[in-house]
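All of the numbers you see were taken from the coordinates with simple rules; none came from a lab. A quick note: this is a predicted structure, and the numbers were derived from the prediction, not measured. Cβ placement follows ideal geometry from the backbone for every residue including glycine, while neighbour counts extend to all protein chains displayed.
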Amino acid sequence: MPHVYDPTNIFARILRGEIPNKTVMETPHTLVFHDIRPQAPVHVLVIPKGAYVTFDHFAAEATADEIVDFHRTAAKVCQMLGLAGSEGYRGITNAGVHGLQEVAHYHLHIMGGRPLGRLVEPA
């Protein structure tokens, strides 16, 4: 299935400055901001500034600079928010209908600050 990017999605609008956000960190290729419906005491979203729909789309088509910047920024944010070296945190990305992706712009949820429970219940 081709990755068709919708430039009207909420994250694209945030990147254009049309919708405010609570920015944690911004780099040339990445934006990190607090989730508006946090599911844990710490819950931020890491998004690339490029038009990527899912993890596999980003991993396959992003430039090396975009990929390195994204991951190094995520690591810096984990450190900044006290998650690195803590009792743990979770990084989640959802893709497509079965993955329950709500916004069709690749994003990584970083959540922590409490025990998070199982990610997926046994079948």
Can you tell me how much longer the chain between I36 and L100 gets when fully stretched, taken as 0.36 nm per residue apart minus their C-alpha distance, in nm with one decimal? 21.3 nm
Packing rank of 24-32, 88-96, 60-68, where each peptide gets the mean count of other beta carbons within 10 Å, highest leading: 24-32, 88-96, 60-68
Mean Cβ neighbour count within 10 Å, used as a protection proxy, ranking 80-86, 69-75 highest first: 69-75, 80-86
Order 97-109, 45-57, 3-15 from most to least packed using the mean count of other Cβ atoms within 10 Å. 45-57, 97-109, 3-15
So, counting K/R as plus one and D/E as minus one, what does the shell of residues with Cβ under 12 Å around Q39 add up to? +2
For Cα pairs less than 8 Å apart in space and 6+ apart in sequence, what is the mean separation divided by the residue count of the chain, i.e. the relative contact order in percent? 30 percent
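Compute the FRET efficiency between L119 and R13 as 1/(1 + (r/R0)^6), taking r as their Cβ-Cβ distance and R0 = 30 Å, and round to the nearest 0.05.
The calculated FRET efficiency here is 0.55.
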Step through the residues of segment 70-76 one at a time and calculate ³J(HN,Hα) from phi using the Karplus curve (6.51 cos²θ - 1.76 cosθ + 1.60, θ = phi - 60°), rounding each to whole Hz and writing x for Gly and Pro. 4, 6, 5, 5, 4, 5, 4
